[in-house]
Amino acid sequence: MAVEEYNSMATYYDTVLEPLLWRMRKKIVKISGVTEGTKVLEIACGTGAQAVRFKKAGADYTGVDLSPAMLKVAEGRKLECLHADGTGLALDSDGFDVSTITLALHEVNPDVRKGIMKEMIRLTAPGGFIIVVDYTIPSKGGLYSMIGKKAIHYIEKLVGGSHYRNYLKFMKAGGLESFVKPFGLEAAEKMYSAGGNIGILKLRVGKM
């Protein structure tokens, strides 16, 4: 989705999506293991809906987003956020215990999503974790899984444009788990949401 589109929907974004995402957001905080003083970086932080949960858990939080309007909402929540491109941040390497991104990789082109992932690896301290959350190919079927898949596809198609085209490419390539595989990071833990259609992966950074 283009920055301009996010700017236009910033005021009602949470009203529309949070009723659908709050359970997933709780899982993200749980799997992250954030406690008092944990340094957390969130790329594509948007309005800060996930951030407030990290802060409640005690995180020393930094958010990054490209949409000024979304960041204005986040600022109203008294969050530390930067207006910047997540593929190249003026932040020190190894400066965070946890780096994370939620439901944003699928909407950008393959080169950008790779750049974001490389930047999170650079910024996460050895022994720290990257929490990536995005669409997956469910390992099991069932009614709930099928409904979730169809609902996600409908929403992405409704958004349209480059967002939808990038989503289709992302899923055709195997979704989140196929995307992270080439980076060679150990999956310390996995959780799923929306009938297995959204993966929450906790990847251990083992840089020397």
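All of the numbers you see were taken from the coordinates with simple rules; none came from a lab. Note that the structure is predicted; figures quoted are calculated from it, not measured. Cβ sites come from the backbone with ideal geometry, for glycine too, and all protein chains shown count toward neighbours.
Considering Cα pairs under 8 angstrom that are at least six residues apart, work out the relative contact order of the chain and quote it in whole percent. Display every interim value, and only then the final one.
Numbers: 380 pairs, mean separation 41.3, N = 208.
Computed value for the chain: 20 percent relative contact order.
Most exposed first by the Cβ proxy, i.e. fewest other Cβ within 10 Å, how do Leu21, Leu203 rank?
The fewest-first ordering by Cβ neighbours comes to Leu21, Leu203.
Mind checking the full-extension length gain between His83 and Lys30? Use 0.36 nm per residue of separation minus the Cα-Cα distance, one decimal, nm.
16.4 nm
Kindly put Thr35, Thr102, Thr87 in sequence by how many other C-beta atoms sit within 10 Å of each C-beta, fewest to most.
Least to most surrounded, the residues fall as Thr35, Thr87, Thr102.
In the structure displayed, which of Lys55/Lys169; Lys72/Lys114; Lys26/Lys150 lie more than 32 Å apart, Cα to Cα?
Table pairs above 32 Å Cα-Cα are Lys55/Lys169.
Could you work out the helix-only [θ] at 222 nm for the chain, with each DSSP H run of four or more residues adding -39,500 (n - 2.57) and the total divided by the number of residues, to the nearest 500 deg cm²/dmol?
-13000 deg cm²/dmol
Could you compute Rg(Cα) / (2.2 N^0.38 Å) for segment 112-201, with N its residue count?
Against the compact-globule rule of thumb, the ratio is 1.16.
Please name which of Leu79, Ile155, Leu143 has its Cα lying farthest along the dipole of the chain towards the positive end, using unit charges on Cβ (Lys, Arg +1; Asp, Glu -1) and the Cα centre as origin.
Leu143
Can you put Ile28, Ile147, Ile121 in order, fewest other beta carbons within 10 Å first?
Ile147, Ile121, Ile28
Can you list, bin by bin at 10 Å, the percent of alpha carbon pairs in segment 80-149, starting at 0?
18, 42, 24, 14, 2
Between Leu143 and Ala188, 0.36 nm times their residue separation minus their Cα-Cα distance comes to what?
Working it through step by step, the gained length comes to 13.3 nm.
How much of the pair distance distribution for the chain lies past 27 Å, counting alpha-carbon pairs only, in percent?
On the way: 5245 of 21528 pairs.
Of the Cα pairs, 24 percent sit more than 27 Å apart.
Would you mind checking Lys39/Lys172; Lys78/Lys172; Lys140/Lys181 for any pair whose Cα atoms are more than 31 angstrom apart?
Lys39/Lys172; Lys78/Lys172
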